[in-house]
Structure formats: C-alpha cells, structure tokens
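I have placed the structure first, in the form of structure tokens, so that the comments after it can refer back to it.
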Amino acid sequence: MRIGRALSNPLRVRILLMLVKNPTFIQDIAQSLHIPYALAHMHLKILEESGLIEGSYVVEEEPRPHLRKVYRVRDFRLIIDKQLLEQLAGSSK
C-alpha cells in the first residue's frame, strides 16, 4: 500500500504537516527542512503517488514568466488496520 510507504518516513510526515498548515513550493520545503532540493522532490513524489498530496502549476511573472508547482494536502481519512500496521512494520503476515 502506497500510503503505508509514504507515512513510514518521518521526513515525509514532517512535509505532510507543513503542507497541512500551508500549501507551498518545493523550494520552500527544502529550505525549511534544510534538505537538498532533490531529496525534497523524491519525498514529494512519494506523497503525491500515495494520493495524500497534490500539486498544481501556477504562473509566476517575476523575474520572468515561468511555471512553479505548488503542493497541498488532499482531503483524506486514514484508517489504521492490521494490514497497514503490518506494512509499516515491514511484515507481510
């Protein structure tokens, strides 16, 4: 299950909490958490593939017109059951 994988990393949980408070750009996430851009991108991709967050493009006019992707948390409800616990524990029983 992709949600189990997404939540299995404390850094991804921190990113999720950041996005709950305020939708933002990848650069802001990387700077706030003091991590490389590429690492932030990898974690955001996993969160996006899990369906917990979504990204949309906005046009920035300054210093020249360009697209930036803003990330936000999607509405979701998480039910923790035996299957999720096993996945988080790395077990397949």
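How much FRET efficiency would the formula 1/(1 + (r/R0)^6) give for Y37 and S8, where r is the Cβ-Cβ distance and R0 is 25 Å, rounded to 0.05? Please list the in-between numbers first.
Working: r = 22 Å, r/R0 = 0.89.
My answer for the efficiency is 0.65.
Relative to the current alpha-carbon distance between L17 and H66, full extension at 0.36 nm per residue lengthens the span by 14.9 nm.
Here r is the Cβ-Cβ distance between K82 and T24 and R0 is 41 Å; the resulting FRET efficiency, rounded to 0.05, is 0.75. Solvent exposure of the chain, expressed per residue, is 70 Å² of accessible area, with all protein chains present and a 1.4 angstrom probe.
Less than 15 Å Cβ to Cβ from Q31, Lys/Arg counted +1 and Asp/Glu -1: what total charge do the surrounding residues give? That works out to +1. Using a 1.4 Å probe over the heavy atoms of the protein chains, calculate the carbon and sulfur portion of the accessible area of the chain as a whole percent. Result for the chain: 53 percent of the exposed heavy-atom area is carbon or sulfur.
Across E86, E48, the residue with the most accessible area heads the list, and the full order at a 1.4 Å probe is E48, E86.
Computed as a quarter of the hull surface, the mean projected area of the alpha carbon convex hull for the chain stands at 6.6 nm². Working from Cα pairs under 8 Å separated by at least six residues, relative contact order for the chain is 33 percent.
The values are calculated or read from the model by the stated rules, or taken from the named source; none is laboratory data. Predicted model only: the values in this text are computed from it and were never measured. Cβ coordinates were reconstructed from backbone atoms using ideal geometry, including for glycine residues, and neighbour counts include every protein chain displayed. Ligands, DNA and RNA are excluded from the accessible area calculation, which covers all protein heavy atoms including side chains. Shrake-Rupley method; radii C 1.70, N 1.55, O 1.52, S 1.80 Å.
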